[in-house]
Amino acid sequence: MNTTTITRRRAVKYRAYPTKGQANLIDRTIGCARLVYNLMLETRIASYQSRFGMPDAQGKEPPPTPRLYKDDYPFLIDVDSMALCNAQMHLDKAYRSFFANPKSGFPKYKSKHRSRQTYTTNCIRNNIRFENGGTRLRLPKVGPIKVRQHKRIPDDWKLKSVTVEHCPSGRYEATVLFEYETQAPEPVHPSTFVGLDYSSHDLYVTSDGEHAGYPRFYRQWQERLAFEQRKWSRMVKGSANWSKQKRKVAKVHERIRDMRMDFLRKAANRISESYDCVCVEDLDLHAITQTLRLGKSTMDNGFGMLRAMLDRKLVEQGKPGLVKVGKWYPSSQLCSDCGHRYAGAKDLSVREWACPECGAWHDRDVNAAKNIRDEGRRLSLQ
């Protein structure tokens, strides 16, 4: 049997515990990368305006590099040079995205207080590596940083780059990008199908009658978050206590985010291992978040992230991936037994109904999930 070797990349996030000196150098590197990004953007805008009279015209001269600013800003020599080079690459990518699709927006200046505090460095001649059994991560200029070991990395995985982030809560994270070769999975002919009907309270209901039982983490922490935010609103902006309280609010948000992501990853793993094909509705989740009744619950459960996780995991296993049924498909109004369309099910308050044609009794969500499964099976087998 012929096998094909493919190259894949996987990012693994580690919690980092730098010393006070290392944290200071990381913050300086982040600031220098942001400064170089803004200086290069300013130079390119000025060049385009002088050449074409507008800030968004694509010129012919080569773009600026970080070396152009090291004479005026000598402290740029003290930080990792690859962090500055990656800032240039990020700006180039932003320009390419804008000229390819102007709706993506013209590149903007990075803010010290509102932008993500990150920098990226690349592995060159083993300058980035794990030490002490994986408990230390050595970074250029920074040295070995203590990290929390939670995932065993195979020996054949090659380290490509590291993105270091100073989170709003004060903690540091290192996202390590690995590259590895693996055998392409054999294509799987789908034999088991499942339909997922979106539920703002339960996250989803399957065609087998299973409810996700999403704990609604934001609702659980809503009172604590409101308490911390009220304290924050009463403090003098920019003061030391204001900064401390800001980190407390950020810690609550990160706690909610971490619990949500953990739940979604486990749910995606369980579904992708149990079924060959997953069928969902192609809902406009952004529009749903704008509604008064469903907006907060939709933002809390993260159904869009679950769909993205499922699609990626299914494709990695050689399965067809996620099958999306059109959002105008009347999944809630069709009887999953006889196919009769019942107009009374349009009302969202109707949670159970009996089919006037065949008399079958339906739970609204389970019936919709069964119809999504059947329509997804028909689309996937075309």
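The values are calculated or read from the model by the stated rules, or taken from the named source; none is laboratory data. Computed from a prediction, not measured in an experiment: that's the story for all the values here. Every residue, glycine among them, receives a Cβ derived from its backbone with ideal geometry; neighbour counts consider all protein chains shown. We work out accessible area using only protein heavy atoms, side chains counted, and drop any ligands, DNA or RNA first. Shrake-Rupley method; radii C 1.70, N 1.55, O 1.52, S 1.80 Å.
Somewhere in segment 142-156, is a residue open to solvent by 80 Å² or more (accessible area, probe 1.4 Å) and modelled with pLDDT of 95 or more?
Within segment 142-156 (the criterion being open to solvent by 80 Å² or more (accessible area, probe 1.4 Å) and modelled with pLDDT of 95 or more), the answer is yes, since at least one residue qualifies.
In the set Val142, Val188, which member is closer than 30 Å to Val280 by Cβ and not assigned by the TED database to the domain that holds Cys277?
Among Val142, Val188, only Val188 is closer than 30 Å to Val280 by Cβ and not assigned by the TED database to the domain that holds Cys277.
Here is a list of conditions, (1) surrounded by 14 or more Cβ atoms within 10 Å (Cβ to Cβ); (2) in a helix (DSSP H, G or I); (3) among the basic types (Lys, Arg), and Arg230 meets all of them except one; can you say which number that is?
Among (1) surrounded by 14 or more Cβ atoms within 10 Å (Cβ to Cβ); (2) in a helix (DSSP H, G or I); (3) among the basic types (Lys, Arg), Arg230 violates only (1).
Looking only at segment 77-94, which residues are under 20 Å from Asn24 (Cβ atoms), touching a Pro at 6+ places or on another chain (Cβ under 8 Å) and surrounded by fewer than 20 Cβ atoms within 10 Å (Cβ to Cβ)?
Ser81, the sole residue that qualifies.
Scanning for something open to solvent by 20 Å² or more (accessible area, probe 1.4 Å) and in contact (Cβ under 8 Å) with a residue 40 or more places away in the chain, does segment 125-139 turn up at least one residue?
No, segment 125-139 contains no residue that is open to solvent by 20 Å² or more (accessible area, probe 1.4 Å) and in contact (Cβ under 8 Å) with a residue 40 or more places away in the chain.
List every residue pair whose Cβ atoms lie under 6 Å apart, where the two residues are 6 or more positions apart in sequence or sit on different chains, the first residue falls within segment 313-331 and is within 19 Å of Thr5 (Cα to Cα), and the second residue, located anywhere, is surrounded by fewer than 16 Cβ atoms within 10 Å (Cβ to Cβ).
Gln317/Pro185; Gly318/Pro185; Gly318/Glu186; Gly318/Pro187; Gly318/Val188; Lys319/Val188
Taking the condition of being part of a helix (DSSP H, G or I) and of a type outside the set (A, V, I, L, M), how many residues in segment 70-91 meet it?
Counting residues in segment 70-91 that are part of a helix (DSSP H, G or I) and of a type outside the set (A, V, I, L, M) gives 8.
Could you tell me which numbered condition Ala250 fails, if it satisfies all but one of (1) open to solvent by 60 Å² or more (accessible area, probe 1.4 Å); (2) closer than 30 Å to Gly21 by Cβ?
Going through the list (1) open to solvent by 60 Å² or more (accessible area, probe 1.4 Å); (2) closer than 30 Å to Gly21 by Cβ, Ala250 breaks only (1).
For every residue, the table says whether it meets (1) within 29 Å of Asp276 (Cβ to Cβ); (2) touching a residue at least 24 places away in the same chain (Cβ under 8 Å).
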residue: Thr192; (1), (2): yes, yes
residue: Ser200; (1), (2): yes, yes
residue: Gly209; (1), (2): yes, yes
residue: Gly213; (1), (2): yes, no
residue: Arg216; (1), (2): no, yes
residue: Trp242; (1), (2): no, no
residue: Ile256; (1), (2): no, yes
residue: Met259; (1), (2): no, yes
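Report, by residue number, each residue of segment 290-305 that is of a type in the set (A, V, I, L, M, F, W, C) and within 19 Å of the chain's Cα centre (by Cα).
Once the filter is applied, which keeps residues that are of a type in the set (A, V, I, L, M, F, W, C) and within 19 Å of the chain's Cα centre (by Cα), segment 290-305 yields Met299, Phe303, Met305.
Examine segment 92-112 for a residue that is in contact (Cβ under 8 Å) with a residue 40 or more places away in the chain, in contact with a Leu (Cβ under 9 Å, 6 or more places away or on another chain), aliphatic (A, V, I, L, M) and in a helix (DSSP H, G or I), and state whether such a residue exists.
Checking segment 92-112: not a single residue is in contact (Cβ under 8 Å) with a residue 40 or more places away in the chain, in contact with a Leu (Cβ under 9 Å, 6 or more places away or on another chain), aliphatic (A, V, I, L, M) and in a helix (DSSP H, G or I).
How many residues does segment 169-207 contain that are hydrophobic (A, V, I, L, M, F, W, C), within 24 Å of the chain's Cα centre (by Cα) and either open to solvent by 40 Å² or more (accessible area, probe 1.4 Å) or at pLDDT below 90 (or both)?
Of the residues in segment 169-207, 1 are hydrophobic (A, V, I, L, M, F, W, C), within 24 Å of the chain's Cα centre (by Cα) and either open to solvent by 40 Å² or more (accessible area, probe 1.4 Å) or at pLDDT below 90 (or both).
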